[in-house]
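One structure below.
Readers should treat all values here as calculations from the given coordinates under stated rules, not as data from a laboratory. None of the values given here were measured: they were computed from a predicted structure. Counting neighbours? That spans all protein chains shown, and the Cβs are built from the backbone with ideal geometry, glycine included.
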Amino acid sequence: MKLQPPFVEDRGASWILAEAMPDELSAAHLGRFGGLNQLPPTRVRAALRAALQAAGHDVDALSVMDGLALSSGMSTITYAQANSMMPVLRVSTPSAYARPFGHSEDTHLNRRVGIKVPKEGGFVCLKCIEEDLKRSDLSWFHRVHHLVGVDWCVHHGDPLWEVTDAKPFYSLPHIWMKNGQLRKLDVCSPTLDAAPAFIQRYVEISVAFLGLLKPLFALDVSQAIRNRVSEFFLGRSRRGMQPYLSDHIYDLAPKSWLHAHVPALAQKRKHEYINYIDDQVCSCEPATADAYAMAMAALYPSVDQAFEEVVNQSELGTNSIPPDFSSSRVEFWQGEVWPYYLMHKGDHRAVAKALLLPFSQVTSRLLNAGLPDLTKLQMSSLGATLSTFASGESIDQSCAAHGADEQAFHALLRVACAPLVKAMEHLAKRHEYSGST
Ligand SMILES: [Zn+2]
């Protein structure tokens, strides 16, 4: 059948919009919308616009990411932080003031990077497919499986599989699996747990970058890396005789991993300057997520320390959110604050610190939005009950497990709203992950 432009516009109202699944890769979300409506790849974007227009949205000047966010009932900022790869595609910026990923004033970036993927191909974990199917009767491509150099599922520790088809996102992982169109990756370790410590730190840092809410200030990151390089007696300029940061990484990283992910480094000679890596020390320009992750994994004994010194330094430094961004807009407190709440594990004080706002103002706004201080909740039996409930137990079983009063728990659920339960699930997953590495 030959498809002409009117085909898409005329049928706008009949296209089915697809809501984003948790951690679903934006490019694959778009592909799933296309697959759901049996659209050829060249027609998917136009159909999305037509469907949104038919649903009453003003689609002028919308980026594809804006459209995907609208399809999911999310703000573009929330979507960018939850479903796009922007946080790893733009870890740092030369500007001292950075807006959150997905901000409406960064339309050009939302267009350019919103549905970009850092590495080619579609990657899946067989156990994640199984779990997704069990929970949702559907499988999808996860962002966390599309990080450069991360060859294992960070939840299960198993090697990832790559879709052998050239257009992986126009079908779903379980269908590729059923059709035998998956190829297991060649990996340097059979499981993530058995991988060298450098690789484990690299993976954890890469995943943590994905949780960034806005870019770091490149100058701050370079400064932290330069300080650390000095402690290792590595060279801080191109002309010195000391080994470079790239020499240090070359010694730590498995050669097969380097060959697969950083060929320039795998073939390097001793004391050869590798721009991709060593510019982080000798210049203050932004580097890629994998270059930062390699540097931090090589220079710090633990991920916590690396983040303490590199990321937190930048977040607390000049790269702060301009105060008028967060405090004055109703929409911010009705949804956009959510990633901050999640990142800081429901700790009101930490959220206030990140937003550079008074604690009293933040805590009252969060309570109004139904988001209690989880540092207090977790110490109570209600907090523990909520956590058990979020993991799938019934209300009475959850209450019985922690000796909580059912009436009080019902009252908490009424206030706490659905996002909180999702937050607890998210935190529980994070806890499992950090506990397993
Ligand atoms: Zn998995």
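Measuring against 18 Å, Cα to Cα, the residue pairs LYS127/LYS178; LYS134/LYS167; LYS119/LYS184; LYS116/LYS268 contain LYS134/LYS167; LYS116/LYS268 as the ones spanning a longer distance. Couplings 3J(HN,Hα) of segment 21-38, computed from phi: 8, x, 6, 5, 5, 4, 4, 6, 4, 4, x, 5, 4, x, x, 4, 9, 6 Hz, in residue order, whole Hz [Karplus 6.51 cos²θ - 1.76 cosθ + 1.60, θ = phi - 60°; x for Gly and Pro].
Listed highest first by mean packing, meaning other Cβ atoms within 10 Å per residue, what order do 31-39, 145-153 come in? Don't skip to the end; give the middle numbers.
Details: 31-39: 19.4, 145-153: 22.2.
The most tightly packed comes first, giving 145-153, 31-39.
Residues within the reach of a label modelled at ILE16 (point 7 angstrom out along Cα to beta-carbon, backbone nitrogen below 18 Å), restricted to segment 152-173, are 170-173. The peptide list 53-64, 104-115, put in order of mean Cβ contacts within 10 Å with the highest first, becomes 104-115, 53-64. Taking the charge dipole of segment 5-113 about its Cα centre, with +1 at Lys and Arg Cβ atoms and -1 at Asp and Glu Cβ atoms, the residue from ALA50, HIS103, HIS29 reaching farthest to the positive side is HIS29.
For ARG349 and SER283, calculate 0.36 nm times their separation in residues minus their Cα-Cα distance, and state this gained length in nm to one decimal. Please report the intermediate quantities before stating the final value.
Details: separation 66, 0.36 × 66 = 23.76 nm, distance 3.50 nm.
20.3 nm is the gain from fully extending ARG349 to SER283.
Placing pseudo-labels 7 Å out from each Cα toward the beta carbon at ALA194 and LYS167 gives an inter-label distance of 3.9 nm.
Subtract the Cα-Cα distance of SER360 and HIS259 from 0.36 nm times their separation in residues, and report this length gain in nm to one decimal.
Working: separation 101, 0.36 × 101 = 36.36 nm, distance 5.22 nm.
Roughly 31.1 nm would be gained on extension.
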